[in-house]
Amino acid sequence: MRSSGWTVAVHSAGRTGSTPSPASAWLGARGRTTSSCSRCEWLAKSSIRNDCSLKSFAPELPAKLKPGWVYCQFCQLNAPPRSSHCFSCGTCILRRDHHCVFTGCCIGYQNHRHFLTFLLNFWIGSVYAVLINSVYLHQAGRLWSYKDLVAMFLPIPAYVFGFTEHFYFFSGVMCTMSVVSLLMSSAMIYLQLLHLVYGQTAYERKHRITDFAVGWTGTLREIAGVRWYLALLSPLVPSPQPGNALDLKKASELSKREDVKTV
């Protein structure tokens, strides 16, 4: 008898009653097993929408508040340090950085590496688009007159007042979009680089919290895993994150561990 997606998901998860992932449901509906397509299951878990919510860790949360933990009255759960509530997502997010309007979800502990990969590819694509548009407009001889510059940065007013033709109006729109994309992606990468250098999230940088500053390499390992130098290039590279999302160590605690190892 053909197995259902629920059965496949329970078998792959190793425990009864777990919620099936989209990949498991898709495979189960077609009578396939996760053993023959474990990569599809792994791809589903590697999505940028990977669940960073505190509710997904509810069975592991302590009943009593630990030092540094806070109680969220909205989620009615004890939240670990570096977690904060997102009113757009309606839940607390582990190691929450910010709510991204491009992905429609919060960037947190489990999907921050995918967000950095997204920004890197966004920036590379924007640079390529600007270069292609600039070369084309230069070869067409439409790049150096003041009318062409106005059409490039203000295409709609230039078209209304007759500074440009129909075809070059659309070329100006494309060039403007690529320049705006490049500026936007560069600004976003700059902010993320600041967070990496200082070992902070957006909330911690705003409130000048430096308790978890472990250096840029330590922050990258915390975000992208032990193989961060490859994981940032592609979301397909497996790179397990060290530590536990519910027990992120402060810089002072890590330094004490290093002193003990040295002794």
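The values are calculated or read from the model by the stated rules, or taken from the named source; none is laboratory data. The model shown is predicted, which means the values in this text are computed figures rather than measured ones. As a convention, Cβ positions derive from the backbone with ideal geometry for all residues, glycine included, and neighbour counts pool all protein chains shown. Accessible surface areas use protein heavy atoms only, side chains included; no ligands, DNA or RNA. Shrake-Rupley method; radii C 1.70, N 1.55, O 1.52, S 1.80 Å.
Tabulated values for the structure
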item: Solvent accessible area, Å² - Thr217, 1.4 Å probe, full protein context; result: 60
item: Accessible area per residue in Å² at 1.4 Å probe, computed on segment 72-146; result: 49
item: Average Cα contact separation per residue, segment 86-194, under 8 Å, 6 or more apart, as relative contact order %; result: 23
item: Segment 50-170: mean projected area of Cα convex hull, nm²; result: 11.0
item: Projected label distance in nm at Phe74 and Val135, using a 7 Å step from Cα toward the beta-carbon; result: 4.8
item: Distance in nm between pseudo-label sites at Arg208 and Asn244 (7 Å out along the Cβ direction from Cα); result: 3.3
item: Spacing of the two label points (7 Å from each Cα toward its C-beta) at Leu154 and Phe170, in nm; result: 2.4
